[in-house]
């Protein structure tokens, strides 16, 4: 009795191996926050108060965009929240900006993430932003590991 031909061909295996090898050689980091804090507007208190935020994990990966060396995305998404126009500088720092600011020190593995929007841009009638509708600024710190 003859066995049916395999679904996976040699060409498919070579293609799969090549894609795994290229991504394995790419410089990338998994970043895990240790602390995240910020501010939110409390309607009952009618004031800005300290707030805790859910810590998300982040990935630093080489960018496919020719205008940036790396990008930073929340783990599990393709949306880049920050772009790093240059690679690591001579001190081992990676400086990335976008919707969020993300700074990473390769030498000690520490990162700092900030989302600076909200609070300062509340102008009421001038731009429609009020304390109640404003974004909530936050900052997080943590460690990144090569991935």
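Read the figures in this text as sums done on the coordinates, not as results from a lab. The model shown is predicted, which means the values in this text are computed figures rather than measured ones. We place every Cβ from the backbone using ideal geometry, glycine too, and count neighbours over all the protein chains shown.
What the table below lists for this structure:
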| item | result |
| --- | --- |
| Computed lengthening from residue 112 to residue 67, 0.36 nm per intervening residue step minus Cα-Cα distance | 13.9 nm |
| Segment 92-147 - Debye-derived log10 I(q)/I(0), Cα point model, q = 0.20, 0.21 Å⁻¹ | -0.73, -0.77 |
| Two-site FRET efficiency, residue 89 against residue 47, from Cβ-Cβ distance with R₀ of 41 Å, rounded to 0.05 | 0.50 |
| More than 22 angstrom apart: percent of Cα pairs within segment 27-146 | 40 percent |
